1. Being touching a residue at least 60 places away in the same chain (Cβ under 8 Å), hydrophobic (A, V, I, L, M, F, W, C) and either out of contact with any helix residue (DSSP H, G or I) (no Cβ under 7 Å at 6 or more places or on another chain) or surrounded by fewer than 21 Cβ atoms within 10 Å (Cβ to Cβ) (or both) is the filter here, so list the residues in region B:198-208 that pass it.
2. Name the pairs: first residue in region B:254-267 and within 12 Å of chain A (Cβ to nearest Cβ) and closer than 13 Å to residue B:68 by Cα, second residue among the aromatic types (Phe, Trp, Tyr) and surrounded by fewer than 19 Cβ atoms within 10 Å (Cβ to Cβ), Cβ to Cβ under 8 Å, at least 6 apart or on different chains?
3. I'd like to check something: does region A:196-218 contain any residue that is within 14 Å of chain B (Cβ to nearest Cβ), part of a loop (DSSP other than H, G, I, E, B), in contact (Cβ under 8 Å) with a residue 60 or more places away in the chain and surrounded by 22 or more Cβ atoms within 10 Å (Cβ to Cβ)?
4. Just to verify a result, which residue in region A:134-168, among those that are under 18 Å from residue B:256 (Cβ atoms) and buried (at least 24 other Cβ atoms within 10 Å of the Cβ), is nearest to the chain's Cα centre (by Cα)?
5. Which of the residues belonging to region A:71-104 are at the interface with chain B (Cβ under 8 Å from one of its Cβ atoms) and in contact (Cβ under 8 Å) with a residue 24 or more places away in the chain?
6. Go through A:276, A:253, A:229 for me and flag whichever is within 12 Å of another protein chain (Cβ to nearest Cβ), touching a Pro at 6+ places or on another chain (Cβ under 8 Å) and modelled with pLDDT of 90 or more.
7. Please state which of the following conditions residue B:146 fails to meet, knowing it meets all the rest: (1) surrounded by 14 or more Cβ atoms within 10 Å (Cβ to Cβ); (2) part of a helix (DSSP H, G or I).
8. Can you give me the number of residues within region B:214-240 that are more than 10 Å from chain A (Cβ to nearest Cβ) and closer than 30 Å to residue B:283 by Cβ?
Amino acid sequence: MNLSPFRMTLLGLSLLIPAALCAVVLFLLIYSGQAIGFNGLHFVTDINWNLGDLYDDPVTVKGIQIPSGANYGILVFIVGTLLSSFIAIIIAVPLSVGAAIFLAEAVPPRIRPVLSMLVELVAVVPSVVFGLWGIAVLIPFIGHYIAPTGNGYGLLAASIVLALMITPIIATTLLDALMQVPKENRESAFALGATHFEVVSKAMMPMVRTTLVGGIVLALGRALGETMAVLMVSGGGINILPTSLFSPISTIASFIVAQLDSAESDPTNMAVRSLAEIALVLFIITLAVNAGAKILSSGALHVRKRQH
Amino acid sequence: MSASVSIKAAKPARSAQEVRRIIGSNIGWVACGFALLCVIGPLVDIVAVIAIHGLSAFSGKLFTTVTNGTGGGLLNAIEGTAVLSLGAMIIAVPIGVGAGIYLSEYGQNRLGSTIRFLSDVLTGTPSIVLGYFSYIVFIISLGWGFSVLAGAITLAILIVPYLARITELALRQVPTSMREAGFALGATEPTVVFKIILPGAASGVVTGALLALAISVGETAPLIYTAGWSNYTWDGKLTHAPIGYLTYVIWSFIDQPFAESHALAFAAAFLVMLVVLAINVGVRLVVKRA
């Protein structure tokens, strides 16, 4: 192995990336240690998040100082996160599949780059701008025309905004895969007398199914961690599980941001530690989902190789 | 008359099943077109709504005065976004490009793929998790308070994996024969990398840096817990002083009950979107032409 200073410098720089990741996990773990001990499994099964009486003297429970009456349960936020992301996926999948098919097969090759660039641009619009649009356009629309009660903020608004944000991920993944389907497969389907749409839906789509699933899981990972847009349109519900599409919700990510001020005013720092535990839970969930996407996409590669 | 009849007769009539299939296919195409419209339509609406509201809030005051509690200008926020993004770039570009060079030139081994994998994990980590990590490390443990440095480091952690990946892909495009030619002339490794490979991949590396800049200009969540917010322009301190930024204005001022605040939020959104879309559209147009 060549150990020149030049290579060592480059290696050192690239090792900073894994180092940063390890630091994130390690510090979150160390800092939330006391909270993990205090909260136990109740953390993920309890629906009440109560900072306790911040002005009363702290009490000592299990050897740890906490504000009196404090209770940290995040089931509501886990449910909010999973529910909003799953509804977003349900909305986003048909839209992105339709859009990708249309772009790949129905649009003249000359204007395809323009339209696919527009789809890609949806993905680069900052989250907070989506949130602003949600407040200015989507919320009044839901409030007036769709929601029977309430003001439009809630689960449905959050899911729709999330769906818009993740469609480009699924659509571009699928578009790339559709463009790679070998010409022979399309032509043999045409030769059997299939209509153009049947060629796409019955001959091409089954070939790219694994890639599609990989794209969906990747999009799910993105939706689970989305913060600002959800925070702005979700209504910020806490301590109650959502009962309808119009219930106010909080996701794990949006709740962390929303709690900044209250956490800072806790003299025992227990709230800050519990928030670190929440961040850890979010990290683990997204890690699991992204790992799933990775496994699926490597599987997709094998399928394509076999077909060649 | 008889001719046209015979032509019609020559073409076999479509069976009911065929007609059903053709109708079904046409419905399918219409649905797909509608889906594409549903994807692109909101983008057009977002750009239009924010351009109209944002531009109507534009005035000279916007660029010369600072924000107050409910209104004012955006001078401090514009300056803060510039300081934070450039600070993040100063930290991230050397690391990201260096890592990209390593992965492309020497990373075809186990260590390289491990770094690549962990880099992907970091890319997939929600930005709020990174922000909260910085909060407990820099703000609480190191006691910096909300500060420029904490914000810039957080943004840097966020964009380094992108930079490394795009740099690696760009360097791989440089033909191996160019490296071999360099070495054959007796050039050292640093010379080959800096004088031959990097210049050859310059457009790709610059593209990556610009996209990373667009990401850091548009980010909000990791900054809320690290940069804080300030109504004043930057006093030059790296730690122990919060700083304002444009995306914060969008998030917090739209929640206020005043029309003046809303106008400011839209103006900030317009500026952020202008930068982000200009970079992304520009990069794509240039790359396509090259």
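The values are calculated or read from the model by the stated rules, or taken from the named source; none is laboratory data. Note that this is a predicted model, so its numbers are computed, not measured. Please note: Cβ atoms are built from the backbone with ideal geometry, for glycine as well, and neighbour counts cover all protein chains shown.
1. Within region B:198-208, just B:198 meets the criteria.
2. none
3. no
4. Of the residues in region A:134-168, the ones under 18 Å from residue B:256 (Cβ atoms) are A:134-136, A:139-140, A:151, A:153.
From what is left, the residues that are buried (at least 24 other Cβ atoms within 10 Å of the Cβ) are A:134, A:153.
On the way: A:134: 17, A:153: 19 Å.
Applying the filter and picking the extreme gives A:134.
5. The answer is A:95, A:96, A:97, A:99, A:101, A:103.
6. Numbers: A:276 fails: touching a Pro at 6+ places or on another chain (Cβ under 8 Å); A:229 fails: touching a Pro at 6+ places or on another chain (Cβ under 8 Å).
The conditions single out A:253.
7. Unmet condition: (2).
8. Taking region B:214-240 as the starting set, the residues that turn out to be more than 10 Å from chain A (Cβ to nearest Cβ) are B:216, B:223, B:226-227, B:229-240.
This time we only want the ones that are closer than 30 Å to residue B:283 by Cβ, so: B:216, B:223, B:226-227, B:234.
The total comes to 5.
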